[in-house]
Amino acid sequence: MYKRLFIPGPVDVPKDVLDKMATPMIGHRTKDASILQRSISEKMMKLMKTKNQILLSTSSGSGLMEGALRSCTRKRAAVFAVGAFGDRWYKMAVANGIPADKISSDLGEPTTPKMVEEALATGKYDLVTITHNETSTGIMNPVKEIAEVMKKYPDVIFCLDAVSSLGGTEINVDELGVDICIASTQKCLGLPPGLAICSISQKALDAAKQVENRGLYFDLVEIYECIQKKDHQYPSTPSLSHMYALDYQLDKMIEEGFENRFNRHLEMAKIVRDWAKEKFEMLAEDKYASNTLTTIKNSRGISVADLNKELGKKGYAISNGYGKLKEKTFRIAHMAETTVEEIKEILRVIEEILDI
């Protein structure tokens, strides 16, 4: 049975976008492939508000996260964690033998500028990873304030995980001074999973060239140089099906207007937050609450698993809490092509099932 997804990825994908994935194949070394890949890069630069080169990767966002750590850490990485996906950055560092320290916030609390300042003041780190939007805790970190701290340390590479926020809220890469901003297709961009995207600064490329063992598939220097030398060609076989859909979806986003899209996400977020405060409790403070999904405390002690079973019978799905927060929280995503009306409907259905 088809279920309307209100989970933090994958998201529902409109039929016209899915149909673009059925576009007949072309050779991935042809001029037409270059034109397609260049078109995506130019549109992504507008979305990210950057002049930096865009790289595409046939992988999940985790691939480029690992690539950023492995390619650009010369000395030691400071990994800031506000939940499961900051923890994932650290796990990647350890698995690749990259010296790193994890600096964690309490669950439901953000990474603060003070935490970043205290870490960088030690002089130990040449790369920082920040999770912009954490889907386990529903935290959206204060990236503008963090960016002001980062600007005091111009030799440190600034990596931003925007996997669950890019396309749903404004991220001005150049203004923030982000060196590597990473996203993937299955969340706010509104496509199936399988393609990751990042911007990369010249500073990050210069740093990466100092690293001897960057791996191969996710070597950001090799990807960048291949694009430059071969007119937006990639060293490994790309998923052209995803690229056809992404190019089309970016046109739709431009037609909607980026600001309109961001405002729609914010309006949905405010509706869910207000509902959560009335019926349950919020995990995050309002000022740190995500614009693309909401993590709600299970203050009524309901069975989230049972709620989801009942929602499934009616054709809907939300997410249980993640990891340690399972059954202690539940999550409602409001991203991609979800509408205000659909958000109001899922909240009404939950109320009906729980009789609240």
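Observations on the structure shown:
- Under the convention that each Lys and Arg Cβ holds +1 and each Asp and Glu Cβ holds -1, the size of the dipole of the chain around its Cα centre is about 600 debye.
- Separation of the alpha carbons by more than 28 angstrom is noted, of Lys46/Lys297; Lys46/Lys277; Lys102/Lys344; Lys15/Lys46; Lys51/Lys230, for Lys46/Lys297; Lys46/Lys277; Lys102/Lys344.
- A simple count of charges around Glu42, restricted to other residues whose Cβ falls under 12 Å of its Cβ and scoring Lys, Arg +1 and Asp, Glu -1, yields +2.
- Residue-by-residue Karplus 3J(HN,Hα) for region 47-55, coefficients 6.51, -1.76, 1.60, Hz, glycine and proline x: 5, 7, 6, 9, 9, 6, 5, 9, 10
- Rounded to the nearest whole Hz, the Karplus-based 3J(HN,Hα) values (6.51 cos²θ - 1.76 cosθ + 1.60, θ = phi - 60°) of region 152-165 follow the sequence 6, 10, x, 8, 8, 6, 9, 9, 10, 7, 10, 4, 9, 10, with x at glycine and proline.
- In terms of surrounding Cβ atoms within a 10 Å radius of their Cβ, Ile7, Ile157 rank from fewest to most as Ile7, Ile157.
- Structural descriptor for region 16-254: relative contact order 30 percent, calculated from alpha carbon pairs under 8 angstrom and at least 6 residues apart.
- Counting DSSP beta bridges with both ends in the chain, the antiparallel % (nearest 5): 50
- Residues whose placed amide H lies under 5 Å from that of Ser299, excluding near-sequence neighbours: Glu281
FYI, it's all coordinate maths here, none of it is from the lab. No experiment lies behind these values; they were computed from the predicted model shown. Note that each Cβ is placed from the backbone with ideal geometry, even for glycine, and that neighbours are counted across all protein chains shown.
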